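The values are calculated or read from the model by the stated rules, or taken from the named source; none is laboratory data. Just so we're clear, the structure is a prediction, and the values are computed from it rather than from any experiment. FYI the Cβ positions are ideal-geometry reconstructions off the backbone, even for glycines, and counts take in every protein chain you see. Just the protein is used for accessible areas: all its heavy atoms, side chains included, with ligands, DNA and RNA removed. Shrake-Rupley method; radii C 1.70, N 1.55, O 1.52, S 1.80 Å.
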Amino acid sequence: MKFMHTADIHFDSPFATLAGKGKFAQERRLEQRKVMKEMVEYIKENNIPYFFIAGDLYEQDYIKKSTVEYVNQLFTEIPNTKIFITPGNHDPYIKNSFYKQFKWSENVIFIDDKNITKVDIPELNTCVYGLSYHETEIQENLYDHIIVEDIDKINILVAHGGDEKHIPISKKKLAMSGFDYVALGHIHKPEMDEKNRMAYCGSLEPIDMNDMGERGYIYGEVTKNSLELEFVPFAKRIYKEIDFQVTTTATNMEIRHRLTDMIEENGKDNMFKIFFSGYRDPDFEINEKEIESVGNIVQIVDETVPDFDFQELYEDNHDNILGMFIKRYLDKGNLSELDRKTLYYGAKALIDAMEDRQ
């Protein structure tokens with residue numbers, strides 16, 4: 001039996017880590033739609049009978065009716081595919097939910113009970129289990145004691161959770177429950193465990209800077225005796241980290257040029273968190289505003305330290321706390337890397353404090 005497994009799409013996410021980049025955040029929301037459209041086209045072309053969505057299809061607080069209408073229209077284009085949705089903590093099955101208020105395509109099946117329930121599909125010799133979040137937090141271990149009712153059928157669990165506030169999951173107990181596949185959602189990092197017949201597909205698109213690395217969906221084939229899983233990278237953009245070593249002769253122009261090349265090498269359409277490290281001229285400051293214009297840079301972490309002439313700095317400050325601090329390290333002679341960093345960061349903090357008092 002062929003299937004596709006996705007989760008944590010978070011349609012209409014505000015993309016909070018793109019604050020100050022409103023136009024780009026809107027572009028990301030449009031890309032969410034494009035990715036779902038491409039998934040549906042793949043399902044249609046390959047006659048895949050099952051599509052599992054393990055929670056957080058959309059953001060309850062931000063979802064627009066137009067987005068729901070768009071997604072539902074896509075679902076109508078694959079009428080022979082059964083689409084199973086288990087609402088999660090970001091799209092709970094509550095009073096004003098679009099799961100209740102909107103008429104979805106006939107091939108969409110909501111597992112909407114707050115307790116574990118089963119959907120039997122006799123013609124395909126399959127049972128699909130799951131539950132729905134009716135609130136944003138569930139701390140009970142609701143998946144720990146499920147036992148499949150008919151071991152002769154293909155049994156699938158579509159489950160959302162995995163941390164202490166959102167249905168803690170014991171993979172060991174789940175592995176003993178008799179399911180032929182457990183389609184997991186909530187954890188945004190993909191993780192396949194074919195031995196225990198389960199997988200987190202991860203978020204379809206990265207939602208924030210914690211979602212580093214490839215994102216996509218899982219394609220699988222399952223029988224009573226076998227399970228084959230393939231993680232398919234599918235996101236339009238991914239988050240990447242770039243480590244940039246600054247030198248004492250660096251200029252902002254040089255940094256921009258080097259960083260432009262590094263971003264090109266890492267895929268200029270991706271989103272980047274830049275870590276600046278190394279030693280810089282004490283009078284030089286990185287112009288973060290100029291750096292942000294180089295590409296899709298969502299965060300800059302400046303861990304550079306000024307390359308002080310400590311002997312000169314000590315002579316100018318031998319009668320104050322800064323001089324006393326520097327002398328302690330100068331008297332040591334050869335400094336370890338940790339000592340050197342402590343000296344640099346400590347001296348900078350004391351200089352900043354002294355300047356604030358002036």
In the stretch 188-220, what count of residues is obtained for those that are among the small types (Gly, Ala, Ser), under 18 Å from GLY55 (Cβ atoms) and in a loop (DSSP other than H, G, I, E, B)?
2
When ALA54 is evaluated against the numbered criteria (1) surrounded by 15 or more Cβ atoms within 10 Å (Cβ to Cβ); (2) over 19 Å from the mean Cα position of the chain (by Cα), which criterion, by number, is the only one it fails?
(2)
Pick from the stretch 192-211 the residues that are under 17 Å from LEU174 (Cα atoms) and not aliphatic (A, V, I, L, M): which of them is surrounded by the most Cβ atoms within 10 Å (Cβ to Cβ)?
CYS201
Quick one: ALA159 ticks every box in (1) of a type outside the set (S, T, N, Q); (2) at pLDDT below 95; (3) part of a strand (DSSP E or B) bar one, so which box is it?
(2)
Filter result (open to solvent by less than 30 Å² (accessible area, probe 1.4 Å), free of Cβ contacts under 8 Å to residues at least 40 places away in the same chain and not in a strand (DSSP E or B)) within the stretch 285-312
ILE291, GLY295, PHE310
Among LYS273, LYS341, LYS268, which is the only one that is among the basic types (Lys, Arg) and part of a helix (DSSP H, G or I)?
LYS341
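Restricting the search to the stretch 23-36, which residues are without any contact (Cβ under 8 Å) to a residue 40 or more places away in the chain, of a type in the set (Lys, Arg) and surrounded by 15 or more Cβ atoms within 10 Å (Cβ to Cβ)?
Keep residues of the stretch 23-36 that are without any contact (Cβ under 8 Å) to a residue 40 or more places away in the chain, which gives 23, 25-27, 29-30, 33.
Now narrow it down to the ones that are of a type in the set (Lys, Arg): 23, 29, 33.
Answer for the stretch 23-36, where residues must be without any contact (Cβ under 8 Å) to a residue 40 or more places away in the chain, of a type in the set (Lys, Arg) and surrounded by 15 or more Cβ atoms within 10 Å (Cβ to Cβ): ARG29, ARG33.
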Among (1) under 30 Å from ASP113 (Cβ atoms); (2) assigned to a loop (DSSP other than H, G, I, E, B); (3) in contact (Cβ under 8 Å) with a residue 40 or more places away in the chain; (4) touching an Asp or Glu at 6+ places or on another chain (Cβ under 8 Å) - the single one PHE179 does not satisfy
(4)
Scanning the stretch 129-183 residue by residue, those small (Gly, Ala, Ser), more than 24 Å from PRO92 (Cα to Cα) and open to solvent by 10 Å² or more (accessible area, probe 1.4 Å) turn out to be ALA175, GLY178
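On the given criteria, is GLU230 closer than 26 Å to ALA16 by Cα and open to solvent by 40 Å² or more (accessible area, probe 1.4 Å)?
On the way: closer than 26 Å to ALA16 by Cα: no; open to solvent by 40 Å² or more (accessible area, probe 1.4 Å): yes.
It is false that GLU230 is closer than 26 Å to ALA16 by Cα and open to solvent by 40 Å² or more (accessible area, probe 1.4 Å).
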Considering the stretch 321-338, residues that are touching a helix residue (DSSP H, G or I) at 6+ places or on another chain (Cβ under 8 Å) and in a loop (DSSP other than H, G, I, E, B), and then whichever is surrounded by the fewest Cβ atoms within 10 Å (Cβ to Cβ), we arrive at LYS332
Starting from the stretch 78-100, keep only residues that are under 13 Å from PHE11 (Cβ atoms), then list their pairs with residues that are of a type in the set (A, V, I, L, M) and buried (at least 21 other Cβ atoms within 10 Å of the Cβ) whose Cβ atoms are within a distance under 7 Å, requiring at least 6 positions of separation or different chains.
ILE85/ILE53; ILE85/LEU57; ASP91/LEU57
Every listed condition ((1) open to solvent by 40 Å² or more (accessible area, probe 1.4 Å); (2) under 20 Å from SER277 (Cβ atoms); (3) assigned to a helix (DSSP H, G or I)) holds for GLU355 save (2)
